[in-house]
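The values are calculated or read from the model by the stated rules, or taken from the named source; none is laboratory data. What you see is a predicted model, and the numbers here were worked out from it, not measured in a lab. Heads up, the Cβs are rebuilt from the backbone with ideal geometry, glycines too, and the neighbour counts pull from every protein chain shown. The protein model used for the area step is the full one, side chains on, heavy atoms only, and it has no ligands, DNA or RNA in it. Shrake-Rupley method; radii C 1.70, N 1.55, O 1.52, S 1.80 Å.
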Amino acid sequence: MSIRPVKRLVRSKPTVEGAGVRLRRAFGFGNTADTDPFLLLDDFRNDVPADYLAGFPWHPHRGIETITYVLAGTVEHGDSLGNHGAIAAGDVQWMTAGRGIIHQEMPKGDPAGRMHGFQLWGNLPSRLKMTAPRYQEVKAAEIPAVTDDDGTQARVVCGAFWGKRGPVDGVAADPVYLDVSVPPGKRKALPVETTRHAFAYVFAGSGKFCNASGPLAVPTEGVG
């Protein structure tokens, strides 16, 4: 088995987006060569409704895909194609902006006022920049989950992993998008094709990523 070196360790940074949503940015709007074709990853986690309820009102996208994954609370959405609804804990919204789309995303939180989710931006290849916009909404029950013998769990949003295939399809980059939970004190090797870039975002707990030159510790959440 080949063990690839970890290129860099990055801590997410607080920022404000939309109409005043306070969130943390893992990467984006800089050098994203190591995460290509992904351009940005935001963690919008908050238990203060005033810090997220203003949301992300109507705004345009073009030439990219936006992937929203919710862990707590709900996000109401609508777009210029006529799609509208809400995604809740465990749900995914995968929008291909293509030649252009206008949409809005309005986080509402759960009954306790908590909101947590992620948005990932994927770049479209030049040949698909002007493709027709496309929208996919996937409910939590549609996302396969698999548990390994050591208790490691993975939800497979997109791509193939451990004999399961995620429900999101037709994505230009053909990525593998996983939500993985490794039990405390366990060591786990996850297969990644050597032709792919890979990144992990630790949003709960801590861990070490071991490579050819030694382990890199991730002591707290919010590290990609």
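Determine whether residue 88 is under 27 Å from residue 140 (Cα atoms), aliphatic (A, V, I, L, M), surrounded by fewer than 18 Cβ atoms within 10 Å (Cβ to Cβ) and modelled with pLDDT of 95 or more. It would help to see each step written out before you state the result.
On the way: under 27 Å from residue 140 (Cα atoms): yes; aliphatic (A, V, I, L, M): yes; surrounded by fewer than 18 Cβ atoms within 10 Å (Cβ to Cβ): yes; modelled with pLDDT of 95 or more: yes.
Considered against the rule, which asks whether it is under 27 Å from residue 140 (Cα atoms), aliphatic (A, V, I, L, M), surrounded by fewer than 18 Cβ atoms within 10 Å (Cβ to Cβ) and modelled with pLDDT of 95 or more, residue 88 comes out as yes.
State whether one or more residues within the stretch 63-84 are modelled with pLDDT of 95 or more, in a loop (DSSP other than H, G, I, E, B), among the charged types (D, E, K, R) and farther than 30 Å from residue 208 by Cα.
No, because not a single residue in the stretch 63-84 is modelled with pLDDT of 95 or more, in a loop (DSSP other than H, G, I, E, B), among the charged types (D, E, K, R) and farther than 30 Å from residue 208 by Cα.
Is it true that residue 58 is modelled with pLDDT under 95, out of contact with any helix residue (DSSP H, G or I) (no Cβ under 9 Å at 6 or more places or on another chain), part of a strand (DSSP E or B) and not aliphatic (A, V, I, L, M)?
Values: modelled with pLDDT under 95: no; out of contact with any helix residue (DSSP H, G or I) (no Cβ under 9 Å at 6 or more places or on another chain): yes; part of a strand (DSSP E or B): yes; not aliphatic (A, V, I, L, M): yes.
Taking the combined requirement at face value, the residue does not satisfy it.
Here is a yes/no grid of residues against (1) among the polar types (S, T, N, Q); (2) under 26 Å from residue 73 (Cβ atoms):
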residue	(1), (2)
119	yes, yes
129	no, no
132	no, no
144	no, yes
147	yes, yes
150	no, no
167	no, yes
172	no, no
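Give the residues of the stretch 33-55 that are in contact with a His (Cβ under 9 Å, 6 or more places away or on another chain), of a type outside the set (S, T, N, Q) and assigned to a helix (DSSP H, G or I), sorted by residue number.
Restricting attention to the stretch 33-55, the residues satisfying the condition of being in contact with a His (Cβ under 9 Å, 6 or more places away or on another chain) are 33-38, 43-47.
Now restrict to residues that are of a type outside the set (S, T, N, Q): 33-34, 36-38, 43-45, 47.
If the condition is that a residue be in contact with a His (Cβ under 9 Å, 6 or more places away or on another chain), of a type outside the set (S, T, N, Q) and assigned to a helix (DSSP H, G or I), then 33, 34 are the ones that fit.
Would you mind telling me which numbered condition in (1) in a loop (DSSP other than H, G, I, E, B); (2) of a type outside the set (Ser, Thr, Tyr); (3) buried (at least 17 other Cβ atoms within 10 Å of the Cβ); (4) at pLDDT below 95 residue 30 fails?
(3)
Which one of these does residue 79 not meet: (1) more than 12 Å from residue 104 (Cβ to Cβ); (2) open to solvent by less than 30 Å² (accessible area, probe 1.4 Å)?
(1)
In the stretch 179-196, which residues are of a type outside the set (A, V, I, L, M) and either in contact with an Asp or Glu (Cβ under 6 Å, 6 or more places away or on another chain) or at pLDDT 90 or above (or both)?
The first filter runs over the stretch 179-196 and keeps only residues of a type outside the set (A, V, I, L, M), leaving 179, 181, 183-188, 191, 193-196.
Correct list: 179, 181, 183, 184, 186.
Could you say which residue among 111, 167 is touching a helix residue (DSSP H, G or I) at 6+ places or on another chain (Cβ under 6 Å), open to solvent by 40 Å² or more (accessible area, probe 1.4 Å) and not small (Gly, Ala, Ser)? Walk me through how you get there before you give the answer.
On the way: 111 fails: touching a helix residue (DSSP H, G or I) at 6+ places or on another chain (Cβ under 6 Å).
Exactly one residue qualifies, and that residue is 167.
Taking only the stretch 47-70 into account, find how many residues are crowded, with 19+ Cβ neighbours inside 10 Å and in contact with a Lys or Arg (Cβ under 6 Å, 6 or more places away or on another chain).
Residues that pass the stated criteria total 0.
Just need a number here: residues in the stretch 116-140 that are closer than 16 Å to residue 68 by Cα and loosely packed, with under 13 Cβ neighbours inside 10 Å.
1
Which one of these is without any contact (Cβ under 8 Å) to a residue 24 or more places away in the chain and either within 18 Å of residue 69 (Cβ to Cβ) or open to solvent by less than 30 Å² (accessible area, probe 1.4 Å) (or both): 144, 184, 175?
Working: 184 fails: either within 18 Å of residue 69 (Cβ to Cβ) or open to solvent by less than 30 Å² (accessible area, probe 1.4 Å) (or both); 175 fails: without any contact (Cβ under 8 Å) to a residue 24 or more places away in the chain.
Of 144, 184, 175, the one residue that is without any contact (Cβ under 8 Å) to a residue 24 or more places away in the chain and either within 18 Å of residue 69 (Cβ to Cβ) or open to solvent by less than 30 Å² (accessible area, probe 1.4 Å) (or both) is 144.
With respect to the numbered conditions (1) β-branched (Val, Ile, Thr); (2) open to solvent by 60 Å² or more (accessible area, probe 1.4 Å); (3) in contact (Cβ under 8 Å) with a residue 12 or more places away in the chain, which one is the sole condition not fulfilled by residue 16?
For residue 16, the exception is condition (3).
For residue 98, indicate whether it is crowded, with 19+ Cβ neighbours inside 10 Å, in contact (Cβ under 8 Å) with a residue 60 or more places away in the chain and not in a strand (DSSP E or B).
On the way: crowded, with 19+ Cβ neighbours inside 10 Å: yes; in contact (Cβ under 8 Å) with a residue 60 or more places away in the chain: no; not in a strand (DSSP E or B): yes.
No, not satisfied.
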